[in-house]
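In what follows, a structure is listed as C-alpha cells, so that the remarks can point back to it.
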Amino acid sequence: MAEAIQQLILNTLDKEGEIKDTRTLVLPGYKEPAATHDSQIIILGALNSLSSRDMIVYETHETISHVLTQEGAQIALQGSHEARVWAACPKKGEGAPITPKQLQEKVGAETAKIGQGQAFKNKWIGKEGDGFVKLVDSITDTTQLQMREVDSTGTLKAGEKALADLRKRKLIVHRKGQWFSVKKGPNFSTSTAKPETDLTVDMLTSGSWKKATYKKYNFEADGIPPNGGALHPLLKVREEIRNIFLEMGFAEMPTSSFVESGFWCFDALFVPQQHPAREVQDTFYLSDPAESLPPPKDYYERVAKVHEHGGYGSTGYRAPWSHEESRKLLLRTHTTASSASMLYKLAARCRGEEDDVEEAVKREGAHGAATVPGTGKPGPDGFRPAKLFSIDRVFRNETMDATHLAEFHQVEGVVADRNLTLADLIGFMRVFFKKMGIENIRFKPAYNPYTEPSLEIFAFHPQLKKWVEVGNSGMFRPEMLEPMGFPKDVHVHGWGISLERPTMIRYGINNIRTLVGHKVSLESVERSPAVRF
Ligand code: PHE
C-alpha cells in the first residue's frame with residue numbers, strides 16, 4: 001500500500017506537474033477522493049518518505065473540520081431523540097395512546113426523557129388521556145439532517161452559529177486536519193527504487209556506486225544512545241584534589257602555557273643556568289620558535305643580577321649570565337614556572353604597578369572563583385596574602401618505564417603571607433594530606449635551588465607497607481621573592497606532588513602505561529569507581 005501510494009504521487013506529479021491538494025487524490029483501492037483525515041495521514045507517510053530522498057517537496061495546510069460525537073453518530077443513524085419519540089407514538093385516532101412507561105420501554109429511558117419535551121415543543125405529539133399521540137403525519141428531523149451533513153462534509157452550510165449550537169449540545173467536536181500540496185523535488189523520478197543506505201566494497205569495485213541513489217542523512221533521527229562518557233581516573237583524582245583546594249580557600253592558577261621560557265621555568269626560580277636539570281637530556285627545548293619574547297625588563301635585570309652577583313643577602317652564583325639560556329623556549333618541566341609568574345603578578349602592587357591576579361585567573365576560565373578567595377586586602381606596601389594552586393601537565397625528557405612518562409601532571413600550590421614559617425608549611429601539609437585520606441606523613445630535608453629549607457614528604461603506604469615519597473616542598477628563597485618586589489617579611493611556601501602517583505595507588509595500577517597512553521583499557525576507565533580518598 002505504502003509503495004502504491006508513493007507511486008501514485010509520483011505518477012500524478014509526472015502527469016500534472018504538481019498536486020495542488022492531496023484531498024483530490026484517489027487512493028489505490030478507493031473510488032472516492034482521499035478527503036478523510038485518515039487518508040491524509042497515510043498520504044503524509046508517503047510524502048515524508050519521498051521528500052527524504054528529495055524526490056518531492058510538499059507544503060502542509062491545516063484545516064479545521066467537525067466530526068460527530070458518539071451521540072451525534074447515533075442521531076445520524078437513528079434520528080434525533082424527539083424524532084424517535086414521535087415515531088413511537090400512534091397516530092391520533094389510530095389505536096391507544098402510548099403511556100410514558102410504554103414509551104420508555106420502546107425508545108429507552110434517555111431518549112424518552114430528552115425527546116418528549118422537544119417533541120411537545122415542536123408540536124409533533126400531544127397528550128391524550130394519560131398517553132401521547134402524534135399530532136402531525138410527517139416531520140423534518142433537522143438535527144439528523146445536520147448530523148449527516150457534518151458527517152459527510154465536516155461542516156454545515158448553515159454556518160458557524162449552527163455548528164456552535166451543535167458543539168454545545170455535544171453532538172459534534174472540532175477536529176484539526178491536514179492536507180498537502182506537492183511539487184517535484186530535485187531528485188524527482190517516477191521510479192521508487194529504494195535508495196542505498198550504505199556504500200559497500202562491492203559497489204566500489206563494480207562501479208555501481210556511480211549510478212546509485214543514496215538516502216539522505218536524517219539529522220533529526222534519534223541516534224543510538226551512547227554508553228555514556230566516563231572520566232579517566234586521573235581526571236577523577238584531579239577533581240577530588242581540586243575540591244580539597246577549593247574547600248581550603250585556594251584559587252586555581254592559570255596554567256595553559258605548556259611552553260615556557262628558561263627564564264620563567266628556571267631563572268626566576270633562582271635555578272642556576274648551569275643546573276643539570278636544564279640540560280637537553282632532562283628538558284625538551286623547542287627548535288621553532290626557539291627564542292621567547294623578552295620578560296619584563298626591570299625584573300629580568302634584577303634576576304640576572306642576583307644570579308651573577310648576588311644581592312638581598314645572597315652571594316649569587318658568581319657565574320656569567322647568559323641571555324640566550326634565559327630566552328630558550330622549552331616545555332615546562334614543572335608547574336612552578338606558572339607559580340613564579342603568578343607570584344610576580346601578585347607582587348605587582350608592591351612594585352607600584354597594577355595588579356591583575358584576578359584577571360589572569362578569569363582569563364583562563366580556571367576553576368574556582370574568578371577572584372582569588374585567598375587574597376585579602378593589600379597592606380600599605382601593596383602586599384596581600386594569597387593561596388593558589390594548579391593541577392596541570394608538565395614534560396620531562398625521561399626514558400619511559402613502568403613508573404615514568406615524558407609527560408605527567410603536577411599538583412602544585414603556594415601560600416604567600418607575612419612571617420610564614422616552616423611550621424606553617426608542615427601544618428598545612430598534614431591538613432592537606434589528611435583530606436586526601438593520608439594521615440601518616442613524614443618530612444625529610446631536601447634540596448631545591450628555589451626553596452630553603454626544602455622538605456620531601458613521605459607517606460606510609462598501607463598496601464606496600466613502606467614509606468613512599470608523595471611530594472616536594474619548601475620555603476621560597478629571598479633570591480627568588482625579593483627581585484619580584486615582595487617585602488622582606490613576606491614568606492611563601494610551595495609544594496608539588498604528582499597526580500599520577502596517588503591515582504595509581506588509588507586504583508591499584510602498577511604500570512603507568514596502563515593509566516596513560518594507547519594501552520589504556522577503555523572498559524576499565526568506564527568501570528573505575530569515583531574516588532574518595
Ligand atoms: N617544582 C617542584 C618539583 O617539580 C615542586 C615544588 C614546588 C617544590 C614548589 C617546592 C616548592 O618537584
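Between the DSSP loop rule and a limit of at most 10 other Cβ atoms within 10 Å, which trypsin sites (Lys or Arg not before Pro) in the range 1-67 are left? Display every interim value, and only then the final one.
Working: sites: Lys15, Lys20, Arg23, Lys31, Arg53; in loops: Lys20, Lys31, Arg53.
When the trypsin sites (Lys or Arg not before Pro) of the range 1-67 are filtered for loop state and at most 10 Cβ neighbours within 10 Å, Lys31 remain.
Which whole-number percent is the relative contact order of the chain (Cα, under 8 Å, 6+ apart)?
Values: 879 pairs, mean separation 68.6, N = 533.
Rounded, it is 13 percent for the chain.
If the range 236-527 were replaced by its equivalent ellipsoid, with semi-axes equal to the square roots of 5 times the Cα gyration tensor eigenvalues, what would those be, largest first, whole Å? Please report the intermediate quantities before stating the final value.
Numbers: eigenvalues 181, 107, 71 Å².
For the range 236-527, the ellipsoid semi-axes come out as 30, 23, 19 Å.
Run through all the Cα pairs of the range 81-139 and give the fraction in each 10 Å bin from 0, expressed as whole percent.
Per 10 Å bin, starting at 0, the Cα pair percentages come out as 29, 62, 9.
If each DSSP helix of 4+ residues adds -39,500 (n - 2.57) and the sum is divided by the residues in the chain, what number results at 222 nm, nearest 500 deg cm²/dmol? Show your work: numbers first, answer last.
Working: 19 runs with 185 residues, N = 533.
After summing the helix terms and dividing by the residues of the chain, the value is -10000 deg cm²/dmol.
Which whole DSSP H helices in the chain pass both tests: a Cα extent of 18 Å or more along the axis and a mean Kyte-Doolittle value no lower than -0.5? Intermediate results must be reported in sequence, preceding the final value.
Details: long enough: 2-16 (21 Å, -0.11); 37-52 (23 Å, 0.59); 109-121 (19 Å, -0.55); 233-247 (21 Å, -0.07); 422-435 (20 Å, 0.87).
Helix filter hits for the chain: 2-16, 37-52, 233-247, 422-435.
Under a Cβ-Cβ cut-off of 12 Å, what is the net charge of the residues other than Pro186 that fall near it, where Lys and Arg count +1 and Asp and Glu count -1?
Numbers: positive: Arg53, Lys183, Lys184, Lys216; negative: Asp54.
Computed value for this residue: +3.
Report the dimensions of the range 438-500 along its three principal axes from the alpha-carbon atoms, largest first, rounded to Å.
Largest to smallest, the principal-axis extents are 46, 21, 19 Å.
Based on a Kirkwood Rh over C-alpha pairs, give the Stokes-Einstein translational diffusion coefficient of the range 196-326 at 37 °C and viscosity 0.692 mPa s in µm²/s. Don't jump to the answer; show the numbers that get you there.
On the way: Rh = 21.3 Å.
My calculation gives 154 µm²/s for D.
If I take all pairs of Cα atoms in the range 387-445, what percentage of them are more than 16 Å from each other?
The proportion of pairs with Cα distances above 16 Å equals 62 percent.
Would you mind getting the Kirkwood hydrodynamic radius of the chain from its Cα pairs, rounded to one decimal in Å? Mind dumping the intermediate values first?
Working: mean 1/r = 0.0310 Å⁻¹.
Kirkwood radius, the chain: 32.3 Å.
We did not get these values from a lab; they are worked out from the coordinates using the rules stated. Bear in mind the structure is a predicted one, so any value in this text is a computation, not a measurement. Please note: Cβ atoms are built from the backbone with ideal geometry, for glycine as well, and neighbour counts cover all protein chains shown.
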